[in-house]
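The values are calculated or read from the model by the stated rules, or taken from the named source; none is laboratory data. Keep in mind the model is a prediction, meaning the values are calculated, not measured. Cβ placement follows ideal geometry from the backbone for every residue including glycine, while neighbour counts extend to all protein chains displayed. Please note that ligands, DNA and RNA were not included when accessible areas were found on the heavy atoms of the full protein model with its side chains. Shrake-Rupley method; radii C 1.70, N 1.55, O 1.52, S 1.80 Å.
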Amino acid sequence: MEDDTVYNKTTEPQAKAPRRCPRIGFTLRHLRGWRLPVKVFQTLFSFVALVCEEIVDDCSSCSGLYIFEFISCSAFLLSLLILSVYCTDLYKSLGEDKVQKL
């Protein structure tokens, strides 16, 4: 084995770039036009639904109320997560393909 140039690219470990913490900054460049008001309205509407569910003190059949509580809380948290991803630099650090899957 006199010629080591054949094995250099596959056998020697390559140095990886140091991973740095993503910078979190506020931006609206990923939600333009009608998409931003719709996402904000969706988040506010799900929060109002959650608050209205919590106002109920007494119910005769609470199973539907518990389902509504779970759905409204899940909708609020997920819409808040999506809004925060689209409005911060986290969108760029995650990558567009992963955000679309989300």
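With respect to P18, determine if the residue is open to solvent by less than 100 Å² (accessible area, probe 1.4 Å) and at pLDDT below 70. It is false that P18 is open to solvent by less than 100 Å² (accessible area, probe 1.4 Å) and at pLDDT below 70. Applying the condition of being of a type in the set (F, W, Y) and at pLDDT below 85 to the range 68-91 and asking which residue is nearest to V38 (Cα to Cα) yields Y86.
Conditions tested, residue by residue: (1) surrounded by 12 or more Cβ atoms within 10 Å (Cβ to Cβ); (2) part of a helix (DSSP H, G or I).
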position: F47; (1), (2): yes, yes
position: C52; (1), (2): no, yes
position: D58; (1), (2): no, no
position: S61; (1), (2): no, no
position: L78; (1), (2): yes, yes
position: Y91; (1), (2): yes, yes
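When V40, V99 are checked against the criterion of being open to solvent by less than 90 Å² (accessible area, probe 1.4 Å) and over 13 Å from the mean Cα position of the chain (by Cα), V40 stands alone in meeting it.
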